[in-house]
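**Q** Here you go, one structure.
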Amino acid sequence: SARWAGNGIVGAAYGGGAYLADPDGKIATVAELQEEALVIVRKVNDRIYYNTNADETLQVLDLATGTKESLNLTQVRNVIPSPNGDQLLVLQSVGDKLALVLCDMNGRNRKTIAEGAELGGASWSPDQRMIAYSLQADVNGTAAHGIYLYDLLSDEATRIAVGIGTADTRWSPSGEALAYTEWNGTRFDSHVVHVAYTVE
């Protein structure tokens, strides 16, 4: 579960709780979360976003004050902070579907940007304008698999790759290319898509 968090690493410990580590190998536990069986752990500045295997509601720990707060986002499967740390993408189970929700860091101003039977692999472009994800959506009674780009400026999603199942996406540092890896049931296939868009 380890993830980069600024110049360090945050993750869930197998024995419970969360740890913080730096590139020099120094590791510290997060005292306020020691008794928790954590599933998701993401650190953004002085806040840790997490859920537990007992309660999949997204919660936040303020490291400066030691206070915990529920963001009232239930059945959370993943959390992807934006590059500048002012927004979250939250993957939730909603009935028999998955939903990708965009919100502020406090869980407010929520907007569902995608929903489908299979949804995942979400990533932010470096300039925080585009969001890539893989989706199986129902189009006129037929399952349509693909990689989609959601443009925050136009509030529109565009399918850029067709027939792609479960996939993971990653942007290049320049934002001019998007790599995705698809699991086809027997092996992983990787591809690169060059993305051209103008900043308005």
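The values are calculated or read from the model by the stated rules, or taken from the named source; none is laboratory data. Only a predicted model underlies this, so the values are computations on that prediction, with no experimental measurement involved. Cβ coordinates were reconstructed from backbone atoms using ideal geometry, including for glycine residues, and neighbour counts include every protein chain displayed. To get the accessible areas, we keep the full protein, side chains included, count just its heavy atoms, and leave off ligands, DNA and RNA. Shrake-Rupley method; radii C 1.70, N 1.55, O 1.52, S 1.80 Å.
**Q** Could you state the number of Å between the C-alpha centres of the range 5-51 and the range 90-113?
**A** After rounding, the separation between the Cα centres reads 23 Å.
**Q** Moving to a separate point now. How many Å² of accessible area per residue for the range 41-153, probe 1.4 Å?
**A** On the way: 4880 Å² over 113 residues.
Per residue, the range 41-153 has 43 Å² of solvent-accessible surface.
**Q** If you don't mind, there's one more thing I want to ask. Please give the charge dipole size of the chain, origin at the Cα centre, charges +1 on K and R Cβ atoms and -1 on D and E Cβ atoms. Round to the nearest 20 debye.
**A** 140 debye
**Q** Rounded to the nearest 10 Å², what accessible area does residue 142 have for a 1.4 Å probe in the complete protein model?
**A** 80 Å²
**Q** Restrict the search to the range 1-65; then list the trypsin sites (Lys or Arg not before Pro) that DSSP places in a loop and that have at most 13 other Cβ atoms within 10 Å of their Cβ.
**A** For trypsin sites (Lys or Arg not before Pro) across the range 1-65 that sit outside H, G, I, E and B with at most 13 neighbouring Cβ atoms in 10 Å, the list reads 26.
**Q** What Kirkwood hydrodynamic radius, in Å, does the chain give when the mean of 1/r is taken over all pairs of distinct Cα atoms and then inverted?
**A** Result for the chain, one decimal place: 17.9 Å.
**Q** Right, next: Assigning unit charges at the beta carbon (Lys, Arg +1; Asp, Glu -1) and nothing else, what dipole magnitude in debye, to the nearest 20, does the range 1-49 show about its Cα centre?
**A** 200 debye
**Q** List, in order, the whole-Hz ³J(HN,Hα) value for each residue of the range 39-52 obtained from phi through the Karplus relation with A = 6.51, B = -1.76, C = 1.60 and θ = phi - 60°; use x for Gly and Pro.
**A** Values per residue, Gly and Pro as x: 10, 9, 9, 9, 10, 10, 6, 9, 10, 10, 9, 7, 9, 10 Hz.
**Q** So which residue, out of 190, 125, 70, gets the largest mean-square fluctuation from a GNM of the chain using Cα contacts under 10 Å as springs?
**A** It is 190.
**Q** Let me ask you something else. Check the straight Cα-Cα distances from residue 111 and name the aspartates and glutamates below 14 Å, setting aside those fewer than 8 residues away within the same chain.
**A** Excluding near neighbours in sequence, the set is 151, 155, 156.
**Q** Name the lysines eligible as straight-distance cross-link partners of residue 26: C-alpha to C-alpha under 27 Å, and not fewer than 8 places from it in the same chain.
**A** Cα-Cα hits under 27 Å: 43, 68.
**Q** Within the set of other residues whose C-beta is less than 11 Å from the C-beta of residue 188, count the net charge using Lys and Arg as +1 and Asp and Glu as -1.
**A** With Lys, Arg at +1 and Asp, Glu at -1, the neighbours total -2.
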